[in-house]
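Values quoted throughout were computed directly from the atomic coordinates according to the rules given, and no laboratory measurement underlies them. Small disclaimer: the values here were computed from a predicted structure and weren't measured.
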Amino acid sequence: MSKYSENQRIILQIDNAQMAADDFKINLSFKTEKRLLNVQQAGMVNVEVDSKQSVDLTLVLQEIREQYEAMVVKNKQELEKWFQSKVELLNTQITTCTTEVKTFSTQLSELKKTLQTVEINRESLLKEVVEVQVEEHKPHIERRVKTIVEEIIDGKVVSSSVDTQVQEIQ
């Protein structure tokens, strides 16, 4: 904003210098013409003319300067108001996004805990399923083991009882 104000100040100085130069040219032209008329009218009748009072250019310049400075102040206030509204909007968006990030982070943590619980439950259920399947198949397995034990070992039929096997081996 300081560059904007500096630019406005420079433009005002240029306008003032231009108006002063124009005023100087007008006064110089007027004085030159007056001198030429005085030289030409030497010995002639002097005629006075009632005319409007000339405009005081200093007052005109001062009035323009005041209007320009008031416009600069107004523009600066409007720019500051616009800037503050944009900052307020951004702060609101930052607050909203921060809240959303916190909410999502909390949800993510909860989902991780839920996943962990589900994994533990799955492993537990899998263990239970395996145990149930083993129990269901246990009679079949025991029959199969009994059949194998009763098979011929070294040409002899071995009893299915463990005691008999131990005695025969000894």
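Miscellaneous remarks
- Computed from backbone phi, the HN-Hα couplings of region 68-75 come to 5, 5, 5, 5, 4, 4, 4, 4 Hz, rounded to whole numbers (Karplus: 6.51 cos²θ - 1.76 cosθ + 1.60, θ = phi - 60°; Gly and Pro given as x).
- Computed 3J(HN,Hα) for region 16-28, one whole-Hz value per residue from the Karplus formula 6.51 cos²θ - 1.76 cosθ + 1.60 where θ = phi - 60°, is 4, 5, 5, 5, 5, 5, 4, 4, 5, 4, 5, 5, 5, glycine and proline marked x.
- Translational diffusion coefficient (Stokes-Einstein; Kirkwood radius from C-alpha pairs) of region 54-137 at 4 °C, 1.567 mPa s, in µm²/s: 65
- Phi to ³J(HN,Hα) by Karplus 6.51 cos²θ - 1.76 cosθ + 1.60 over region 114-130, Hz, x for Gly, Pro: 4, 4, 4, 5, 5, 4, 4, 4, 4, 4, 4, 5, 4, 4, 5, 4, 4
- Relative to the compact-globule estimate of 2.2 N^0.38 Å, the Cα radius of gyration of region 57-96 comes out at 1.94.
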